[in-house]
Amino acid sequence: MNFDVAIVGAGIVGAACAAGLSREGLSVALIDPNGIATGSTAAGMGHIVVMDDSDAQFALTDYSQKLWNDLAAELPQNSEYEHCGTIWVATDEEEMAEVRRKQAFYADRGLPCEILDERSLREAEPNLREGLAGGLRVKNDSVVYQLCATKYLAEKAMANGTKFIDAKAVGFSAEGVKLSRGETILCDRIVNAAGVSAPDLSAELSVVKRKGHLVITDRYPGFVSHQLIELGYLRSAHGKDADSVAFNVQPRSTGQILLGSSRQFGVDNTDIDPALVRSMTSRAFEYMPKLRELSAVRTWTGFRPATPDKLPYIGCIGDTNVFAAAGHEGLGITTSLGTAELIVDEILGRSSAIDREPYRPSRKV
Amino acid sequence: MIEHSTDILVIGGGAAGMSAALAASESKGLRVTIVDDNPRLGGQIWRAELGKSKSSEADRLISAITSGKFSILNGTQIFGTANDGSLLGVVRDETIKLHYNKLILATGAREHFLPFPGWTSPRVFGAGGLQALVKGGFNVSGKRILVAGTGPLLLVVAEYLKQKGAKVVAIAEQASASKINRFALGLWRYPTKIAQGLELRSSLGGIPYLKDCWVTAAKCKSPRVSKGETSDMRVSPSLTHGLSHGYSKSTKEALSVMLTQKGRSWSIECDYLAVGFHLVPNTELAVVLGCSIGDGFVLVDKLQRTSKHNIFAVGEPTGIGGVEASLIEGRIAGYAAAGETRKAESLFVKRDRTSRFADSLNSTFALRDELKTLADATTTVCRCEDVSYASLCEFSNAREAKLQTRCGMGPCQGRVCGPATEFLFGWQPGSVRQPIFPVKLETL
Ligand SMILES: Cc1cc2nc3c(=O)[nH]c(=O)nc-3n(C[C@H](O)[C@H](O)[C@H](O)COP(=O)(O)OP(=O)(O)OC[C@H]3O[C@@H](n4cnc5c(N)ncnc54)[C@H](O)[C@@H]3O)c2cc1C
Ligand SMILES: Cc1cc2nc3c(=O)[nH]c(=O)nc-3n(C[C@H](O)[C@H](O)[C@H](O)COP(=O)(O)OP(=O)(O)OC[C@H]3O[C@@H](n4cnc5c(N)ncnc54)[C@H](O)[C@@H]3O)c2cc1C
């Protein structure tokens with residue numbers, strides 16, 4: 001059989017593309033040798049967050065956040081979609097100035113958010129230490145258990161006729177996707193949604209691994225109510241220095257607390273780095289001393305698929321039949337839904353809700 | 001952070017670890033340290049009885065230990081490694097870093113549990129777990145107790161409970177009568193074992209030992225243990241405090257247990273069910289250290305060396321062989337680690353005999369396939385995360401099931417449900433990451 005589209009990679013990005021394309025009546029093959037949601041998607045934090053690093057990043061995260069809020073109603077309960085909001089925490093006046101800038105940026109674009117002073121911050125999150133300057137609450141951000149959400153998207157695609165193919169892709173041609181077991185999946189178009197492995201199949205794409213560590217605690221319902229991130233995150237997350245850590249905690253609907261985050265380039269193994277975990281937890285204790293007493297159940301690591309300009313590759317690669325949907329770094333859970341819509345629009349020759357230009361694989365990076 | 005340096009570091013203060021430490025400490029000038037997460041050494045069999053033991057091996061070990069030839073770090077739980085390769089542990093809420101030249105892993109085993117309808121009810125305990133509770137002071141006098149599952153531990157537990165005044169209504173052993181008879185006949189080759197066996201049989205007097213017999217369901221009208229409420233693995237890494245926390249809260253209602261034997265089914269009333277399906281090795285620390293594993297056990301050579309340089313493994317992690325195997329393997333590793341290879345080699349013949357015993361033990365008490373069908377759709381498989389049997393059936397491997405259902409993600413990190421799903425579905429166990437036990441964030 002000849003598929004309209006073959007998607008390589010069944011992470012959240014590939015699954016969302018499959019759901020979108022099959023919804024439009026296209027015949028779709030979804031190819032992955034490791035099952036659904038087992039790559040970076042299995043490791044991420046599941047924070048649905050609007051970011052303002054650049055206008056293009058804002059546009060895609062804002063659009064995606066709205067798509068998530070629309071999808072929320074139909075997500076099964078095991079996706080644990082919680083509309084908890086984000087608080088960006090400021091430690092001093094310098095960071096409060098950043099809070100005000102961020103608030104103005106979001107408010108200008110119609111995103112509901114509110115500045116918290118020292119007292120209202122403590123009221124919102126009593127376990128934060130005293131003496132923090134304040135923060136910015138972004139109301140529409142959420143948390144999702146992305147593993148079950150990805151499975152839901154894949155199942156939705158399969159209910160619309162998508163065929164899941166348990167195989168590894170080794171190359172692309174005009175005919176379709178060549179599999180390691182020899183056969184070729186015939187198709188008109190290919191979507192490369194292979195996450196950190198995308199460049200193996202499309203050498204034009206520059207995607208590298210940015211390793212992250214996470215720790216999860218036992219159940220402490222009510223200990224944290226919002227996703228809390230330090231504003232210093234902007235500096236640490238985007239600094240080019242090899243290793244960085246930031247205060248980033250997430251309340252799970254189970255009552256567990258997910259604690260991030262670290263960022264490292266150039267580390268290829270999945271091992272736990274105990275020293276890095278320590279600096280990550282120490283950073284968190286600076287904001288939330290009571291975390292010290294909580295019981296840590298597990299640590300794990302994952303790789304963010306990072307591009308040089310921190311924007312994902314979305315769209316047709318040159319004049320080939322291959323479309324990129326890869327390189328979402330630390331925002332791929334959020335931006336998967338927006339990415340899928342842009343891919344659907346481009347394949348169907350429609351215009352999109354947001355400008356597609358900034359994400360073109362052929363852009364200068 | 002506390003720092004401790006030693007030449008030979010032994011993790012686990014059971015028969016294997018004590019024996020290893022003792023052998024190693026025969027060499028003059030070597031510093032030997034033994035670490036155990038319990039307040040006292042002794043491991044699963046001798047912990048509660050140190051000082052009032054009936055066993056000569058235990059006495060020998062205890063008097064050697066009290067002679068102070070090595071450092072003893074009790075109440076110290078090892079949860080992982082540091083960047084420099086040293087071990088990280090927690091002792092009285094403080095982090096401890098242990099530096100060593102040679103490491104001997106003697107981390108023992110825990111009970112194997114299988115899900116059947118009602119296994120999470122109050123009044124249902126692990127067999128060894130109930131024994132440990134009683135050793136700790138839990139009163140079973142006058143209680144009617146059914147002991148069920150498989151393995152020689154059932155006999156030990158039944159005898160112990162009887163001695164403590166319980167009325168053991170029966171021992172339900174899933175292994176076949178023919179296998180057990182063959183095993184018993186073979187015991188003549190193992191002189192001390194036969195003595196133990198005879199002694200046991202006489203003190204079991206009157207307790208029906210039903211073979212080809214197993215529990216299919218248990219029912220207690222008290223509320224079941226709720227989501228997330230499981231044994232505290234910090235206190236009890238091997239679930240020695242039993243399966244159920246509900247026993248103290250539960251009402252006077254007895255437990256109704258369904259048994260089956262050769263196609264016949266009947267129910268019996270009792271106060272407690274003590275159930276265990278033989279043992280599974282504690283290999284988590286070995287895995288985190290990168291030691292090769294085969295068939296679920298730590299792979300070792302004749303000198304008990306693992307695949308990792310300077311790391312040895314002894315006792316149950318290398319094969320379920322009982323106390324004699326643990327003692328002899330401990331001595332071999334202790335000598336080998338101290339560089340006394342000749343002394344170690346002189347024990348090979350003895351060790352090989354205990355491993356032949358272990359092989360016949362394990363084949364005698366291998367689990368029968370019928371036990372795979374005991375759980376019904378609603379039976380809980382993962383207690384920590386409240387995952388039912390039905391919700392696992394659609395998955396083809398442990399990782400997918402874990403990621404989608406959280407099976408094995410709770411505080412016990414799959415120590416209970418992992419071996420169960422391995423038996424039920426043939427799933428290979430998932431990855432092990434430190435901390436291998438929950439620890440406070442500040443300790444991590
Ligand atoms: C620690 C950490 C925290 C994070 N937190 C967040 C967060 O809070 N919010 C957020 O929005 N994002 C977060 N992310 C980022 C997010 O997880 C990723 O951006 C996202 O999962 C990427 O999805 P993907 O589908 O592109 O990649 P993947 O999930 O990696 O999927 C790619 C798939 O392609 C398959 N594949 C690879 N090669 C081949 C081949 N040759 N043939 C067939 N299949 C192939 C792989 O098996 C894999 O399943 C975090 C990431 C990490 C590591
Ligand atoms: C619940 C139970 C009850 C048993 N009861 C009997 C019995 O009554 N009679 C009998 O003959 N056999 C019994 N056995 C079998 C017994 O385990 C073996 O016969 C033999 O004693 C094993 O000795 P060992 O030294 O290998 O292990 P163990 O005796 O299990 O000793 C291992 C020790 O290491 C400690 N440990 C493990 N991991 C760590 C860590 N990370 N950090 C610090 N300490 C750690 C454990 O807490 C334990 O104290 C029992 C087994 C179990 C699981």
Using amide H atoms built 1.01 Å from N in the peptide plane, name the residues 5+ places from residue B:312, or on other chains, whose amide H lies under 5 Å from its own. B:103, B:104, B:105, B:306
Principal semi-axes in Å for segment A:59-143 [√(5λ), Cα gyration tensor, largest first]: 26, 17, 8
How large is the convex hull of the Cα atoms of the protein assembly as shown per residue, expressed in Å³ as a whole number? 177 Å³
Would you give the gap between the C-alpha center of segment B:7-32 and the C-alpha center of segment B:146-175, rounded to a whole Å? 34 Å
Coil-residue chymotrypsin sites (Phe, Trp or Tyr not before Pro) of segment A:256-302, DSSP, other Cβ within 10 Å capped at 16: none
List the cysteines in chain B whose Cβ has no other cysteine Cβ under 4.7 Å from it. B:213, B:220, B:270, B:291, B:384, B:393, B:412
Rounded accessible area of residue B:144 (nearest 10 Å², 1.4 Å probe): 80 Å²
Between residue A:7 and residues 5 or more places away or on another chain, the pairs with built amide H atoms under 5 Å apart involve A:29, A:30, A:31, A:191
Largest-first principal axis extents of the Cα set of chain B (Å): 63, 50, 38
Computed over chain B: longest principal axis from alpha-carbon atoms vs helix B:322-337 long axis, angle to nearest 10 degrees, is 20 degrees
Pairs of Cα atoms under 8 Å, at least six residues apart: use those to get the relative contact order of segment B:332-444, whole percent. 16 percent
Probe 1.4 Å, all chains present, heavy atoms only: residue B:273 accessible area in Å², nearest 10, is 0 Å²
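Which shape class, rounded, prolate or oblate, goes with segment B:375-425 when its Cα gyration tensor gives a ≥ b ≥ c as root eigenvalues, a/c under 1.5 marks rounded, and past that a/b bigger than b/c marks prolate?
rounded
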Can you run phi through the Karplus equation (6.51, -1.76, 1.60; θ = phi - 60°) for segment B:345-352 and list ³J(HN,Hα) in whole Hz, with x for Gly and Pro? 4, 5, 9, 4, 4, 4, 5, 4
Rounded to whole Å, give me the distance from the Cα center of segment A:284-315 to that of segment A:351-365. 27 Å
In whole angstrom, the spacing between the Cα centers of segment A:163-184 and segment A:1-40 equals 13 Å
Debye equation applied to the C-alpha atoms of segment A:1-160, log10 I(q)/I(0) at 0.10, 0.20 Å⁻¹: -0.47, -1.21
When the Debye formula is applied to the Cα atoms of segment A:101-215, each taken as the same point scatterer, what base-10 log of I(q)/I(0) results at q = 0.10, 0.22 Å⁻¹? -0.62, -1.26
Per residue solvent-accessible surface (Å²) - segment B:1-119, probe of 1.4 Å: 38 Å²
Note down the accessible area of residue B:345, probe 1.4 Å, to the nearest 10 Å². 90 Å²
Less than 11 Å Cβ to Cβ from residue B:115, Lys/Arg counted +1 and Asp/Glu -1: what total charge do the surrounding residues give? +1
Kindly list the residues of segment B:1-27 that lie in the label zone of residue B:342, defined by a backbone N under 20 Å from the point 7 Å along the Cα-to-C-beta vector. B:23-27
Phi-derived 3J(HN,Hα) across segment B:435-444 with the Karplus relation (6.51, -1.76, 1.60, θ = phi - 60°), rounded Hz, x for Gly and Pro, is x, 6, 10, x, 9, 4, 4, 6, 7, 3
Area projected by the alpha carbon convex hull of chain A, averaged over all directions, nm²: 17.2 nm²
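In percent, how large is the relative contact order of chain B, given Cα pairs closer than 8 Å and 6 or more residues apart?
In percent, rounded to a whole number, it is 20.
Longer than 23 Å from Cα to Cα, which of A:209/B:440; B:102/B:302; B:143/B:372; A:211/A:310; A:66/A:310 are they? Say none if no pair is.
With Cα atoms farther than 23 Å apart: A:209/B:440; B:143/B:372.
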Could you give the nm distance between label points at residue A:364 and residue B:97, where each point is 7 Å from its Cα heading toward the beta carbon? 4.9 nm
Taking a temperature of 20 °C and a viscosity of 1.002 mPa s, what whole-number D in µm²/s does Stokes-Einstein yield for segment A:13-83 with Rh from Kirkwood over alpha carbon pairs? 151 µm²/s
Just to check I understand the Karplus step: with θ = phi - 60° and J = 6.51 cos²θ - 1.76 cosθ + 1.60, what whole-Hz values come out for segment B:71-88, glycine and proline as x? 7, 10, 10, 7, x, 10, 10, 7, 10, x, 10, 9, 4, 8, x, 5, 8, 10
Contact order normalised by length for segment A:211-365, with contacts defined as Cα pairs under 8 Å and 6 or more residues apart; what percent is it? 22 percent
Please arrange B:287, A:224 by accessible surface area, largest first, computed with a 1.4 Å probe and ligands excluded. B:287, A:224
Quote to one decimal, in nm, the extra length available between residue B:269 and residue B:182 on full extension: 0.36 nm per residue of separation minus the C-alpha distance between them. 28.1 nm
Ordering A:142, B:431 from largest to smallest accessible area (1.4 angstrom probe), what's the sequence? B:431, A:142
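The values are calculated or read from the model by the stated rules, or taken from the named source; none is laboratory data. A quick note: this is a predicted structure, and the numbers were derived from the prediction, not measured. Positions of Cβ are generated from backbone atoms using ideal geometry, with glycine treated the same way; all protein chains shown enter the neighbour counts. For accessibility, only protein heavy atoms count, side chains too; no ligands or nucleic acids. Shrake-Rupley method; radii C 1.70, N 1.55, O 1.52, S 1.80 Å.
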